[in-house]
1. By how many degrees, between 0 and 90 and to the nearest 10, does the Cα long axis of helix 54-88 differ from the longest principal axis of the chain?
2. Which order do the peptides 5-12, 56-63 come out in when sorted by mean C-beta neighbours inside 10 angstrom, highest first?
3. Check the stretch 16-85 and count each lysine pair with an alpha-carbon distance under 23 angstrom, considering only pairs eight or more places apart or from different chains.
4. Based on the mean of other beta carbon atoms within 10 Å per residue, what is the order of 73-84, 41-52, most packed first?
5. Lys and Arg at +1, Asp and Glu at -1: add these up for the other residues within a Cβ distance under 15 Å of Ala60 and post the number.
6. When the chain is fully extended, how far beyond the present Cα-Cα distance does Thr36 get from Val76, taking 0.36 nm per residue of separation?
7. Classify the stretch 1-91: rounded, prolate or oblate, from the alpha-carbon gyration tensor (a ≥ b ≥ c, eigenvalue square roots; a/c under 1.5 rounded; otherwise prolate if a/b is larger than b/c)?
8. Carbon and sulfur atoms: what percent of the 1.4 Å accessible area of the chain do they account for?
Amino acid sequence: MKVKTTVHIFYNQFSWQNEGDYTVYSCKLEDNESRTYVGEQEIEIEVPDDYDPCAQKIAALEKHKLKVMADYQKTVTEINERISKLQAIEYTE
């Protein structure tokens with residue numbers, strides 16, 4: 001299947017480079033000291049007819065789930081440490 005899309009072409013040359021190169025973006029960005037806008041062009045991209053994004057979406061969600069679970073566990077550990085420190089304080093009168 002062929003998909004038509006518009007791309008925006010930029011010339012990039014950073015201060016450490018002797019020569020620049022061209023980069024394609026899906027949106028038009030502002031010019032800056034290292035990136036200048038060349039123009040836009042409509043292109044046609046060949047996408048496999050049987051392309052199904054579900055497997056990639058599931059993998060991304062699984063990765064996100066692992067990160068959320070790790071963040072949760074880290075937070076619970078920090079809370080438990082704070083509770084332990086508070087319980088270890090001796091009260092003197």
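The values are calculated or read from the model by the stated rules, or taken from the named source; none is laboratory data. Since the model is a prediction, treat every value here as computed from it, not as a measurement. Neighbour counts run over all protein chains shown; Cβ positions are idealised from the backbone, glycine included. Ligands, DNA and RNA are excluded from the accessible area calculation, which covers all protein heavy atoms including side chains. Shrake-Rupley method; radii C 1.70, N 1.55, O 1.52, S 1.80 Å.
1. Computed tilt is about 30 degrees.
2. Packing order, densest peptide first, comes out as 5-12, 56-63.
3. Numbers: Lys57/Lys65; Lys57/Lys67; Lys63/Lys74; Lys65/Lys74; Lys74/Lys85.
Counting lysine pairs in the stretch 16-85 gives 5.
4. On the way: 73-84: 9.9, 41-52: 8.3.
Ranked from most to least packed, the peptides come out as 73-84, 41-52.
5. Working: positive: Lys57, Lys63, Lys65, Lys67; negative: Asp52, Glu62.
Result for the local shell: +2.
6. Details: separation 40, 0.36 × 40 = 14.40 nm, distance 4.78 nm.
That works out to 9.6 nm of additional length.
7. Here the stretch 1-91 falls in the oblate category.
8. On the way: 4690 of 8580 Å².
Percent of accessible area from carbon and sulfur atoms in the chain: 55.
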